[in-house]
Amino acid sequence: MYSLVESREAVNNWLERYGVRFGIYKNGKFKEQLFPFDPIPRVITPEEWAYLEKGLSQRVRALNLFLADIYGEKNIIKNNVVPKSFVYASKGYLPQCEGIRPPHGIFAHIAGIDLVQARDGSWFVLEDNLRIPSGASYPLIARSIARKVSPETFTANHIEDNRNYPDLLKHTMDSMNVNGGLNVVFTPGRYNSAFFEHAYLAERTGAVLAFPGDLIVEDNHVYYQGIFHEKTLVGAIYRRVSDEYLDPMVFEPTSLLGVPNLMQAYAAGNVAVLNSPGNGVADDKGLYYFVPRMVEYYLGEKALLQNAPTYLPYYEQDREYVLNNTEKLVIKDVSEAGGYGVVFGRDLERDRLEKLQELIRSEPRRWIAQEVINFKDLETMEDRGVVYRKADLRAFVLSSADSTVVWKSGLTRFARQADSFVVNSSQGGGFKDTWVMRDHQSLPKQF
Amino acid sequence: MKQFFYRYESDILFSTPVSAHSWLLRCMPKEEPFQRAERAFVRVSVVREDGEELSLPVCHGRDAFGNAVQWGYVAGAHCRFSILSEGVMRQTPYRICGTAHDMFLEHTALTRPDADMERFAGQVPLRAAEESCEGSLPRGKVLERALSLCDAVYRHMSYVPGATTVNTTAGQAFALGQGVCQDYAHILLSLLRCSGIPARYACGYLAGEGAGHAWVEFFDQGVWRGLDPANNRLLSCGCIKVAHGRDSADCPVNRGVFTGRAAQQNTLAIKVEEV
């Protein structure tokens with residue numbers, strides 16, 4: 001373990017050589033930066049993991065049933081469990097997907113669920129990511145580098161091997177593949193912030209990495225034509241292009257990233273699209289409030305994982321509370337993602353606080369408010385020694401025709417600055433490996 | 001029961017040849033209780049560089065709104081793209097029994113009202129329904145409200161082709177006080193939704209006109225009715241409905257993506273005749 005911690009620089013150098021980068025757009029300019037790796041892992045005990053695994057799988061199964069319901073019969077709205085205006089005013093709800101049933105009825109194939117752990121050890125879900133969550137590739141490649149740099153760490157500690165992620169992903173793609181054609185990872189291109197991940201996952205799953213222009217729809221089937229213009233039938237598309245750019249014939253007409261008429265082939269069942277278009281309605285920050293109710297409604301079980309205490313200004317009672325307690329809450333704009341549109345009431349000057357309250361009064365549907373969870377700091381290695389930093393955990397849940405599987409690892413992101421709660425990589429955070437332990441014998445003590 | 005012959009003909013001439021052309025059309029009548037196709041077909045063809053005309057295979061299906069869509073792909077270079085859609089429809093008076101999806105109460109980017117429009121909607125007085133429709137229609141608050149709003153839009157606007165574009169929003173056209181049928185429809189949709197009446201954009205071909213037309217459908221007691229704000233009237237017969245959606249962006253007649261830097265010249269001819 002010590003040898004791994006001492007190899008911090010070596011691992012980061014290897015990550016740099018492999019091109020493990022994260023792109024960010026700042027002031028309209030594209031900049032790539034390294035994604036700093038911290039060698040001290042997040043360690044999860046077998047009991048804790050068993051609980052998380054059950055809760056995550058339950059949550060994602062409910063979210064999949066919700067999506068099938070919303071684009072199908074809408075029973076949850078008819079039964080007044082979720083208010084209809086939250087669904088239909090959500091940016092993520094796409095009428096163009098009404099009535100489409102994807103292969104095996106699965107909508108969220110690759111889900112990234114963000115959790116935090118409070119000081120008392122309890123876990124809270126902060127948000128669900130069901131569109132194009134990124135991040136699995138980072139702990140995946142970091143683990144294989146760490147194993148080379150410090151093999152003894154991995155013989156001394158009984159850690160669940162996380163290098164099966166490509167197998168899980170391939171299994172998901174294969175089980176969705178409708179015709180035995182190619183599996184492709186469809187990337188918007190090298191200027192996407194997660195391009196490294198697209199290329200790496202394509203390589204590791206044996207899928208073809210397809211760029212805009214590589215895929216065409218002819219006779220209502222999707223073909224990959226690459227640079228030699230030889231057409232090969234495509235059976236499953238793990239797309240990393242967002243919904244609005246996916247098909248210029250149906251969504252944003254000026255999109256050059258999309259595949260024209262992909263939605264027609266998809267609606268006809270001639271290709272699988274992972275994740276399904278329209279999933280944004282289920283990971284909407286406003287609908288998040290209702291996820292525990294979805295679990296009860298669809299599965300008839302109590303939700304094992306709890307949400308962070310959340311208030312919807314849409315409800316009058318909650319609005320009163322939020323307006324009276326703005327300075328101790330975190331306020332989120334439901335239409336933003338990636339750490340943007342997140343405001344801590346306590347950081348605001350008087351006039352900005354009042355402005356925000358005015359906005360909450362005039363557009364209540366646009367906001368959610370959450371109690372600030374005092375989450376557990378994790379040990380993090382800096383040049384001068386160990387410091388404590390806020391961290392979250394993105395767990396990956398893969399749903400295929402026959403199973404819902406939680407990857408025994410995850411992306412632990414930490415804030416670079418002391419006292420910062422914002423861990424998003426787009427905001428400059430770093431990452432850690434996540435160790436799920438097989439037993440207690442080898443739990444590492446202190447680092 | 002009346003019968004109408006319709007023909008939609010459109011050509012796109014490209015200044016230089018284009019290739020890898022994907023297209024998606026909404027040019028065949030939508031299946032509705034008040035209109036049934038006696039016969040209907042669509043033919044899509046291109047003219048290649050060597051002058052040879054090539055008929056293209058057409059995929060048929062429906063979009064999420066139930067509109068008939070036709071689509072396809074042509075790889076080779078061509079300098080002309082032609083659509084012919086033709087048929088005979090049997091029609092009864094415009095009336096669609098059904099349900100209203102709640103999305104038709106939500107504003108869209110094109111129909112979102114500004115403060116002026118909201119004020120305008122609040123000031124429109126109710127008026128008696130019989131002024132602009134046959135006496136056989138049931139009278140109700142929704143119908144009266146819809147007719148009043150339609151009348152108010154008609155009075156507020158002047159029909160001026162070229163004053164707006166396909167991307168003009170309801171708010172912009174309302175402020176301008178000018179526009180074409182699409183703008184009238186967006187403004188009326190906005191006002192109806194402000195009043196809590198489910199409303200959707202509809203388009204198609206109108207008897208006696210040489211171009212496509214757009215209007216509004218609103219939902220009242222289990223029935224969708226057609227309301228034409230550009231002509232300030234309830235629709236009955238003689239209008240071939242092609243598509244509906246939340247706004248015009250949901251029902252473009254022709255969308256295409258191709259490779260090539262070509263200027264486009266469009267010609268369009270629409271004919272609707274009672275037979």
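Using the scaling law 2.2 N^0.38 Å as the reference, what is the normalised Cα Rg of chain B? Each step should come with its number before you reach the end.
On the way: Rg = 19.5 Å, N = 275, 2.2 N^0.38 = 18.6 Å.
Ratio of Cα Rg to 2.2 N^0.38 Å: 1.05.
With a sphere of radius 12 Å drawn around the Cβ of A:VAL342, what net charge do the other residues whose Cβ falls strictly inside it have (Lys, Arg +1; Asp, Glu -1)?
Charge balance near A:VAL342 sits at -2.
Given R₀ = 30 Å, FRET efficiency for A:SER420-A:PHE211 by Cβ-Cβ distance, to 0.05?
Numbers: r = 36 Å, r/R0 = 1.19.
It comes to 0.25.
List the lysines whose Cα lies under 25 Å from the Cα of A:LYS148, skipping any in the same chain that are fewer than 8 positions away.
A:LYS170, A:LYS408, A:LYS432, A:LYS445
Considering the Cα trace of the stretch A:309-371, what is its radius of gyration and what is Dmax, both in angstroms?
That works out to 10.4, 29 Å for Rg and Dmax.
Using the Cα centre as the reference, give the magnitude of the dipole from point charges on the C-beta atoms of the stretch B:96-250 (Lys, Arg: +1; Asp, Glu: -1; all else neutral), rounded to the nearest 20 debye.
Dipole size: approximately 120 debye.
Let me check the size of the protein assembly as shown from its C-alpha atoms; what are the radius of gyration and Dmax in Å?
Radius of gyration, then largest Cα-Cα span, for the protein assembly as shown: 28.3, 90 Å.
What number comes out for the charge environment of A:LEU353, summing +1 per Lys or Arg and -1 per Asp or Glu over other residues with Cβ under 15 Å away?
Neighbourhood net charge equals 0.
Using the Kirkwood formula on the Cα atoms of the stretch A:298-409, what hydrodynamic radius do you get, in angstrom to one decimal?
17.0 Å
Using alpha carbons only, what's the Rg to Rh ratio of the stretch B:20-97 with Rh from Kirkwood?
With Rh from the inverse mean 1/r over Cα pairs, Rg/Rh is 1.08.
When chain B is modelled as a GNM with alpha-carbon springs shorter than 10 Å, which of B:THR92, B:THR259, B:THR164 fluctuates the most?
Greatest mean-square fluctuation among the candidates belongs to B:THR259.
Between beta-carbons, use under 11 Å as the cut-off and find the net charge around B:LEU110, counting Lys and Arg +1, Asp and Glu -1. The partial results should precede the final answer.
Working: positive: B:ARG112, B:ARG246; negative: B:ASP183, B:ASP247, B:ASP250.
Local net charge: -1.
Helix check for chain B. Which DSSP H runs span at least 15 Å along their own axis by Cα, with a mean Kyte-Doolittle hydropathy no less than -1.0? Walk me through the numbers before you get to the answer.
Numbers: long enough: B:141-156 (22 Å, 0.04); B:181-194 (20 Å, 0.69).
Sorted by number, the helices that extend far enough and score high enough are B:141-156, B:181-194.
Apply the Karplus curve 6.51 cos²θ - 1.76 cosθ + 1.60, θ = phi - 60°, to the phi angles in the stretch A:19-33 and return the couplings in whole Hz, x for Gly and Pro.
x, 7, 10, 10, x, 9, 9, 10, 6, x, 10, 8, 9, 9, 10
Excluding residues fewer than 8 places away in the same chain, name every one of the lysines whose C-alpha is closer than 27 Å to that of A:LYS78.
A:LYS91, A:LYS285, A:LYS302, B:LYS141
Could you work out [θ]222 nm for the protein assembly as shown from helices alone, using -39500 (n - 2.57) per DSSP H run of at least four and dividing by all its residues? Round to the nearest 500 deg cm²/dmol.
-7000 deg cm²/dmol
Multiply the residue separation of B:ASP116 and B:GLN3 by 0.36 nm, subtract the distance between their alpha-carbon atoms, and state the gained length in nm to one decimal. Mind dumping the intermediate values first?
On the way: separation 113, 0.36 × 113 = 40.68 nm, distance 4.30 nm.
36.4 nm is the gain from fully extending B:ASP116 to B:GLN3.
Could you give me the radius of gyration and the Dmax of the stretch B:96-250, taking only the C-alpha atoms into account and expressing both in angstrom?
Gyration radius and largest Cα-Cα distance of the stretch B:96-250: 14.1, 38 Å.
Nearest-5 percent of antiparallel DSSP beta bridges in chain A?
If we restrict to bridges inside chain A, about 75 percent are antiparallel.
If N is the number of residues in the stretch A:231-304, what value comes out of its Cα radius of gyration divided by 2.2 N^0.38 Å?
With N residues counted in the stretch A:231-304, Rg over 2.2 N^0.38 Å equals 1.41.
The numbers here are math on the coordinates, done by the rules we state, and not lab data. All values reported here derive from a predicted model rather than from experimental measurement. Cβ coordinates were reconstructed from backbone atoms using ideal geometry, including for glycine residues, and neighbour counts include every protein chain displayed.
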